[in-house]
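Enquirer: The structure's right below; bear with me while I get my questions together.
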Amino acid sequence: MATKMKTWLIEQALDHPWRVIIICILFTALLGLGLPYIVIDNDFMNMIPEDNPSLKVWNSVLDEFGSTERIFIAFGRKGESALKPETLAKGWDFVRAVERIPEVDEVFSIATMNRIDSDDGFMNVSDLQPERNLTPEQLTDLKAYLDKTPDMAVRIMSRQGDFLNVVVQPKVNGDDVAMTEQIMELGKKMLKGYDVHFGGQLYLTSRIPILIQTDIMRLMRFAILILVIIMLLNLRSFPAVGMALSVVILSLIGMLGFMGWVVHITGSNKFYFAVLNASMPIILLTIANGDGIHIITKFMREARKRQDVRDAIRSSMNTLMLPVLLTSLTTAVAFLSMIFTPINQFLGYGISMAFGISWAWLLSTIFLPSLLNLKKWDLEHVSLAEKSIFEGLVDHIGNQVVNHPKRVLSIGMVVVLLGACGLGHVKVEVNIASFFSKGTDIRDSIDFLDQEMTGTMDMEVKVDGDMKSPAVLKKMDALQTYLESKPVVRTTISIADIIKLMHRTVMDDDPAYEVIPDTRAKVNNLFTLYSMSGDPDDFSSLVDYDYSEGLITALLQNIPTSQMGPFIDGVNGFIHDLGTDDFKTTLTGMIIIFQEEMYLILRSAFISISVSIVMIFLITWVFFKRLLWGLLSVLPLSAAVILNFGFMGIAGIELSHVTALLSSIIIGVGVDFAIHYVSQYRHYVDKGVPAEEISRDVMGDTGYPIMLNALSNMGFGALMVSAFLPVRYIGGLMVFAMISTSIGTLTLLASATELLKGRLARKEQ
Amino acid sequence: MRRLIVLFFGLSIFSGIGWAQTGYDIAKKVDQRLEPADLTANLTMVLTNSKGKTRSNTIRSVSMKGGEKQMIWFLAPADDKGVAFLKIEHPGADDEMRLWLPAFKKVRRISSSKKGDSFMGSDMSYEDMTNRELDEYTYKLLREEPVNGVDCFVLEETPKPEIESTYSKHVTWISKQDYTVVKEESYDLSGVVKKVKTVEYVTRGKYILPVKMFVEDVQKNHSTLLKFEKLEVDTGVKADLFRERNLKRLPR
């Protein structure tokens, strides 16, 4: 049945090439109609499963206290006081314009905050900056107030007093990207003449996906150009390169169109195109290109041998149909294994990649042979008549493997063991601020906001307890003092701060009373007093409506993920020591979410790698009908995975949202190389080639396309010059993956099969 | 024309409807409605936020001259019991407002400079609570239509340019029968509806008094329900009551 199907497919390509080509293009175009439905997603929170406890807490805080993700804008002139009428007026205009953006919920700045004053028994809640243009008296008064309230000053001004801080809190579920764009536009237009720095997780999550995608697209052009040049140098035929590329392009259209259709039909956000999906086109390009290269090089060898195009196509496809099916199946399964991971978007990633790989298989199997068939090949052309440079190189490696298999295997194993030493040093980094190397605009702005302003990372402590109880408020105050003692914490705020300030104000501005009052009745009186002259919404981000929940917000410098755990442990320890009978707390904020993402990425990487290797082993065992072949098939890719992570550990490349997925390239490509090698080996065994000659012949047949595939993808090394670290890592790891998987196959697998040749050949016979 | 305070503390009944009345004429009739010399009531105020959470207070209010002088004692919840508030309006000057904080045993003065600030966390601002002067607004009769079965004039009131207001205009539904304000929409400075109020009345002798008022801030999705109980009018309250020392004494 399978043979009949194979023959039928080959005959379709040979007898009706135009029909096959038109049908393939039509179906791809149909899929391509889904492209407009692709949704670009910048919300990192969508990665986290809905039932995740940390996400639930995060959402409950959003629901009660509003968004905790913010955009920070600092503007001023270095070394020049920001408290000048002209600067304050500019800030006033900017803030009013930002407030008018529909997606903005609240703006915190000198132009929007309140002050609480006491004057001869008079409590007054008024605007910190009463109007756009301040009189000299008002300016003096403002300076004096900020001197008196350093906690407030640190939130709205730089340490040196030369920059003003504007913090924008968005509405929940608003269009953050559009809002960020508008704020940036306003900043550029209205704050001309000032140094302006943007920052905050919301800013980064809104901007980074766009920047990274733009950067990848720019560098991809170079990568593809290099790929084409290398293929041209080796295949020495423009039409052949064009045919390989057409398979790649149609596969990409098919996969991305599929994503769009799924979103359109199901509405699932798991199929949105997020920053981690940026690697999908590169991975599919690599895998789809691999299939094409194997078929084209096999065809050229057969054409050289048989001097007949139809015969060459028939023979090539007869030999490669099974391995190409198998490589596609195993690679698709490797990606499908991602559906078992806890990260939401990996499901869409895995399924879409599996679809793209299947589409590439279909195109390689019927579309590509039809194209080969249509071309009027000149059998005397150099591309068919002579071996390329790399074929000679591969012959040399083949000789080494055949002559010294033990040495080659031993050296390979030592390299893998050395690589394994780096495994323990792999670090996970999910803080997207660290995606930028020092010297880039974004990183400089983040560093400025960290060093000079409030910092842009946050931790929220949600407190369940009586917000009018002095005991609870004192614990909140103590926790804030603890947090502020940490060098990475720039400032904290909670309702306890407001209570202390009101207490002082009521007690005739006596600093000795800037403490939590000793009775509940006094706290309640202060709230009542405020309600008489302040807006009740003023406290909405600090305490809930019935005073049963409060929020402590700590603003921190950006810290590496590795420092987040100890920091959080310290906070939890301090809370435990405070006593939790009347003081139930839950931590949330970006720092907690990052830590959660770290665990999810680690688990996802572990699950996807383990499941895919096991599945590939089982599939190859079944297809090749032998346990030993199953084990040999996963040998090079397992070694490459170890080497990859070991290399990351040694080179200091962190495992992130993006790099975690690149292990899929290793598995996807590694298994392809191994399967081609094993298939060809079995083919020669079946043909009765003597055991002593098989390895050399297999090397000759598969070594070259493997090397060519690996080499052509070296073009992705161009990504290493990107300004964005994850894009650099994609480039670096692509190069590494290509080297490790190709060399692994041609050394470890080849030497292992050579050493086991007696057993493998005898058993097959 | 008077608004909330007027609504709180007594409105006279005007009879007869002149079809040729202008907007100003109608507003004048509302302004001239009969008010009690003094009014005492227990008020229950229920605040509801956008998530449906509520807070409630019960206060005892005594006022004179349509609210020009007013004393409020907090009766409930227990946390607030004993807190007391005194307001005396001074024409052409800031209102005098004081709060007694029993836990601190101190009286604190409160600023009335921000007209748009909320009063006691409710959806009523100080501007809403203050008498609106007839000649500070221009009036336009928009149409006539019934509201909840009551035939009404629909009047548009726009503050004159020299008047500092947090609203751009009000649209008010005034009962044709007794010139009480049945409903009112208040628009913010950008011309968008900010608050919607509806009022229900009861007759006490020669006065028509509010018994229920619902104010919704439609922009914040926050509402305030006021219920008036134990209404007493013209009981002979003396001006002497509205002194700071009386804040400390809870009424029986």
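Enquirer: Please specify each residue of region B:133-157 satisfying the condition of being of a type in the set (Val, Ile, Thr) and crowded, with 18+ Cβ neighbours inside 10 Å. Full working, then the answer.
Expert: Of all residues in region B:133-157, those of a type in the set (Val, Ile, Thr) come to B:138, B:147, B:150, B:154.
Within region B:133-157, just B:Val154 meets the criteria.
Enquirer: I've got another one for you. If B:Thr130 satisfies all but one of (1) surrounded by fewer than 21 Cβ atoms within 10 Å (Cβ to Cβ); (2) at pLDDT 85 or above; (3) in contact with a Lys or Arg (Cβ under 9 Å, 6 or more places away or on another chain), what's the number of the condition it fails?
Expert: (2)
Enquirer: Within region A:518-536, can you find the residues that are more than 7 Å from chain B (Cβ to nearest Cβ) and under 25 Å from B:Leu86 (Cα atoms)? Quick ask: steps written out before the conclusion?
Expert: Narrowing region A:518-536 to residues more than 7 Å from chain B (Cβ to nearest Cβ): A:518, A:520, A:523, A:526-527, A:530.
Matches in region A:518-536: A:Arg520, A:Val523, A:Leu526, A:Phe527, A:Tyr530.
Enquirer: A:Asp510 - would you say it is more than 8 Å from chain B (Cβ to nearest Cβ), in contact (Cβ under 8 Å) with a residue 24 or more places away in the chain and of a type in the set (D, E, K, R)? Lay out the reasoning, then the answer.
Expert: Details: more than 8 Å from chain B (Cβ to nearest Cβ): yes; in contact (Cβ under 8 Å) with a residue 24 or more places away in the chain: no; of a type in the set (D, E, K, R): yes.
So A:Asp510 does not fit the description; no.
Enquirer: Let me ask something additional. Filter region A:537-576 down to the residues that are of a type in the set (S, T, N, Q) and away from chain B (no Cβ under 14 Å) and list them by number. Spell out how you get there, then give the answer.
Expert: Initial filter on region A:537-576 (of a type in the set (S, T, N, Q)): A:540-541, A:548, A:553, A:557-558, A:561-563, A:572.
Within region A:537-576, A:Thr553, A:Gln557, A:Asn558, A:Thr561, A:Ser562, A:Gln563, A:Asn572 qualify.
Enquirer: In region A:181-204, how many are over 19 Å from A:Ile110 (Cα atoms), buried (at least 19 other Cβ atoms within 10 Å of the Cβ) and modelled with pLDDT of 90 or more?
Expert: 0
Enquirer: Is it the case, given these coordinates, that A:Asp51 is more than 14 Å from chain B (Cβ to nearest Cβ), under 30 Å from A:Thr588 (Cα atoms) and out of contact with any helix residue (DSSP H, G or I) (no Cβ under 7 Å at 6 or more places or on another chain)? So that I can check it myself, show each step before the final result.
Expert: Working: more than 14 Å from chain B (Cβ to nearest Cβ): yes; under 30 Å from A:Thr588 (Cα atoms): yes; out of contact with any helix residue (DSSP H, G or I) (no Cβ under 7 Å at 6 or more places or on another chain): yes.
Answer is yes for this residue.
One line per residue, one yes/no per condition, for (1) within 14 Å of A:Leu30 (Cα to Cα); (2) touching a residue at least 12 places away in the same chain (Cβ under 8 Å):
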| site | (1), (2) |
| --- | --- |
| A:Ser246 | no, yes |
| A:Ile249 | no, no |
| A:Leu256 | yes, yes |
| A:Gly267 | no, no |
| A:Leu276 | no, yes |
| A:Ile283 | no, yes |
| A:Ile287 | no, yes |
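Enquirer: Residues of region B:88-108 being of a type in the set (A, V, I, L, M, F, W, C), in contact (Cβ under 8 Å) with a residue 24 or more places away in the chain and surrounded by fewer than 20 Cβ atoms within 10 Å (Cβ to Cβ), which ones?
Expert: Scanning region B:88-108 gives B:Ile88, B:Val107.
Enquirer: Look through A:Asp117, A:Asp105 and report the one residue that is within 14 Å of chain B (Cβ to nearest Cβ), under 40 Å from the mean Cα position of the chain (by Cα) and either among the aliphatic types (A, V, I, L, M) or outside any helix (DSSP H, G or I) (or both).
Expert: Exactly one of A:Asp117, A:Asp105 is within 14 Å of chain B (Cβ to nearest Cβ), under 40 Å from the mean Cα position of the chain (by Cα) and either among the aliphatic types (A, V, I, L, M) or outside any helix (DSSP H, G or I) (or both), namely A:Asp105.
Enquirer: Go over the candidates B:Ala41, B:Ala27 one by one and state the one that is touching a residue at least 24 places away in the same chain (Cβ under 8 Å), in a helix (DSSP H, G or I), at negative phi and more than 8 Å from chain A (Cβ to nearest Cβ).
Expert: Values: B:Ala41 fails: in a helix (DSSP H, G or I).
Of B:Ala41, B:Ala27, the one residue that is touching a residue at least 24 places away in the same chain (Cβ under 8 Å), in a helix (DSSP H, G or I), at negative phi and more than 8 Å from chain A (Cβ to nearest Cβ) is B:Ala27.
Enquirer: Can you name the condition, by its number, that A:Ser54 falls short on among (1) in contact with a strand residue (DSSP E or B) (Cβ under 8 Å, 6 or more places away or on another chain); (2) within 25 Å of A:Gln182 (Cα to Cα)?
Expert: (2)
Enquirer: I'd like to verify a number: residues in region B:60-87 that are touching a Gly at 6+ places or on another chain (Cβ under 9 Å) and surrounded by fewer than 18 Cβ atoms within 10 Å (Cβ to Cβ), how many?
Expert: Looking only at that region, the number is 0.
Enquirer: Please find, among A:Ala97, A:Ala111, the residue that is surrounded by fewer than 21 Cβ atoms within 10 Å (Cβ to Cβ) and either part of a loop (DSSP other than H, G, I, E, B) or assigned by TED's automatic domain parsing to the domain that holds A:Leu164 (or both). Walk me through it before giving the result.
Expert: Details: A:Ala111 fails: surrounded by fewer than 21 Cβ atoms within 10 Å (Cβ to Cβ).
Selected residue: A:Ala97, the only one of A:Ala97, A:Ala111 that is surrounded by fewer than 21 Cβ atoms within 10 Å (Cβ to Cβ) and either part of a loop (DSSP other than H, G, I, E, B) or assigned by TED's automatic domain parsing to the domain that holds A:Leu164 (or both).
Enquirer: Keeping to region B:162-206, report how many residues are part of a loop (DSSP other than H, G, I, E, B) and of a type in the set (S, T, N, Q). Let's see the steps before the verdict.
Expert: Residues of region B:162-206 that are part of a loop (DSSP other than H, G, I, E, B), as a first pass: B:162-168, B:176-180, B:188-192, B:205-206.
Right, trim to of a type in the set (S, T, N, Q) and you get B:165-166, B:168, B:177, B:180, B:190.
Residues flagged as part of a loop (DSSP other than H, G, I, E, B) and of a type in the set (S, T, N, Q) within region B:162-206 amount to 6.
Enquirer: May I pose another question? If we only count helices (runs of 4 or more DSSP H) wholly inside region A:669-747, which ones have 1 or more residues that are more than 19 Å from the chain's Cα centre (by Cα) and within 23 Å of A:Ile226 (Cβ to Cβ)?
Expert: Details: elements: A:691-698, A:704-712, A:725-744.
Hits in region A:669-747: A:704-712, A:725-744.
Enquirer: Considering each of B:Ile174, B:Ile163, B:Ile208 in turn, give the residue that is modelled with pLDDT of 90 or more and touching a helix residue (DSSP H, G or I) at 6+ places or on another chain (Cβ under 7 Å). Quick ask: steps written out before the conclusion?
Expert: Numbers: B:Ile163 fails: modelled with pLDDT of 90 or more; B:Ile208 fails: touching a helix residue (DSSP H, G or I) at 6+ places or on another chain (Cβ under 7 Å).
Within the list B:Ile174, B:Ile163, B:Ile208, the selection yields B:Ile174.
Enquirer: Against the definition (among the small types (Gly, Ala, Ser) and touching a Phe, Trp or Tyr at 6+ places or on another chain (Cβ under 9 Å)), how does A:Gly688 come out, yes or no? I'd like the intermediate steps shown before the answer.
Expert: Details: among the small types (Gly, Ala, Ser): yes; touching a Phe, Trp or Tyr at 6+ places or on another chain (Cβ under 9 Å): no.
When the stated conditions are applied, A:Gly688 does not pass them.
Enquirer: Then there's this: Condition test on B:Thr180, is it free of Cβ contacts under 8 Å to residues at least 60 places away in the same chain and of a type in the set (Ser, Thr, Tyr)? Walk me through how you get there before you give the answer.
Expert: Working: free of Cβ contacts under 8 Å to residues at least 60 places away in the same chain: no; of a type in the set (Ser, Thr, Tyr): yes.
Criteria not met by B:Thr180.
Enquirer: Among the residues of region A:642-683, which ones are acidic (Asp, Glu) and either outside the structural domain of A:Phe736 (by TED's automatic domain parsing) or more than 16 Å from A:Ile616 (Cβ to Cβ) (or both)? Give the steps one after another, and end with the answer.
Expert: The initial filter retains those residues of region A:642-683 that are acidic (Asp, Glu), namely A:654, A:672.
Result: A:Glu654, single match.
Enquirer: Restricting to region A:718-742, count the residues that are touching a residue at least 40 places away in the same chain (Cβ under 8 Å) and either under 26 Å from A:Val241 (Cβ atoms) or in contact with a strand residue (DSSP E or B) (Cβ under 6 Å, 6 or more places away or on another chain) (or both).
Expert: 16
Enquirer: Something else: Identify, by number, the condition in (1) surrounded by fewer than 16 Cβ atoms within 10 Å (Cβ to Cβ); (2) closer than 30 Å to A:Met532 by Cα; (3) at pLDDT 90 or above that A:Phe122 doesn't meet.
Expert: It fails just one condition, (3).
Enquirer: Go over the candidates A:Thr319, A:Thr330 one by one and state the one that is in contact (Cβ under 8 Å) with a residue 12 or more places away in the chain, crowded, with 22+ Cβ neighbours inside 10 Å and touching an Asp or Glu at 6+ places or on another chain (Cβ under 9 Å). Walk me through it before giving the result.
Expert: Working: A:Thr319 fails: crowded, with 22+ Cβ neighbours inside 10 Å.
Checking each option against the conditions leaves just A:Thr330.
Enquirer: With the requirement that a residue be hydrophobic (A, V, I, L, M, F, W, C) and surrounded by fewer than 20 Cβ atoms within 10 Å (Cβ to Cβ), what does region B:46-58 give you? Show your work before the answer.
Expert: Residues of region B:46-58 that are hydrophobic (A, V, I, L, M, F, W, C), as a first pass: B:46-47.
Answer for region B:46-58, where residues must be hydrophobic (A, V, I, L, M, F, W, C) and surrounded by fewer than 20 Cβ atoms within 10 Å (Cβ to Cβ): just B:Val46.
Enquirer: So, in region A:474-506, of the ones that are hydrophobic (A, V, I, L, M, F, W, C) and not in a helix (DSSP H, G or I), which residue ends up farthest from A:Met453 (Cα to Cα)?
Expert: Our first condition is that a residue be hydrophobic (A, V, I, L, M, F, W, C); within region A:474-506, this holds for A:476, A:478-479, A:483, A:488-489, A:493, A:495-496, A:498-499, A:501-502, A:506.
After this cut, where a residue has to be not in a helix (DSSP H, G or I) as well, the list is A:488-489, A:493.
Values: A:Val488: 12, A:Val489: 11, A:Ile493: 15 Å.
So, considering only residues that are hydrophobic (A, V, I, L, M, F, W, C) and not in a helix (DSSP H, G or I), the one farthest from A:Met453 (Cα to Cα) is A:Ile493.
Enquirer: Further question: Which residue, of A:Lys90, A:Lys143, is surrounded by 15 or more Cβ atoms within 10 Å (Cβ to Cβ), basic (Lys, Arg) and away from chain B (no Cβ under 14 Å)? Before you say what the answer is, go through the steps one by one.
Expert: Values: A:Lys143 fails: surrounded by 15 or more Cβ atoms within 10 Å (Cβ to Cβ).
Going through A:Lys90, A:Lys143 in turn, just one is surrounded by 15 or more Cβ atoms within 10 Å (Cβ to Cβ), basic (Lys, Arg) and away from chain B (no Cβ under 14 Å): A:Lys90.
Enquirer: Look through B:Phe214, B:Phe228 and report the one residue that is among the aromatic types (Phe, Trp, Tyr), part of a strand (DSSP E or B), at negative phi and without any contact (Cβ under 8 Å) to a residue 60 or more places away in the chain.
Expert: Working: B:Phe228 fails: without any contact (Cβ under 8 Å) to a residue 60 or more places away in the chain.
So the residue among B:Phe214, B:Phe228 that is among the aromatic types (Phe, Trp, Tyr), part of a strand (DSSP E or B), at negative phi and without any contact (Cβ under 8 Å) to a residue 60 or more places away in the chain is B:Phe214.
Enquirer: Consider region B:57-104. How many of its residues are in a strand (DSSP E or B), within 16 Å of B:Leu43 (Cα to Cα) and charged (D, E, K, R)?
Expert: Within region B:57-104, residues that are in a strand (DSSP E or B), within 16 Å of B:Leu43 (Cα to Cα) and charged (D, E, K, R) number 1.
The values are calculated or read from the model by the stated rules, or taken from the named source; none is laboratory data. Quantities reported herein were computed from a predicted structural model and do not represent experimental measurements. FYI the Cβ positions are ideal-geometry reconstructions off the backbone, even for glycines, and counts take in every protein chain you see.
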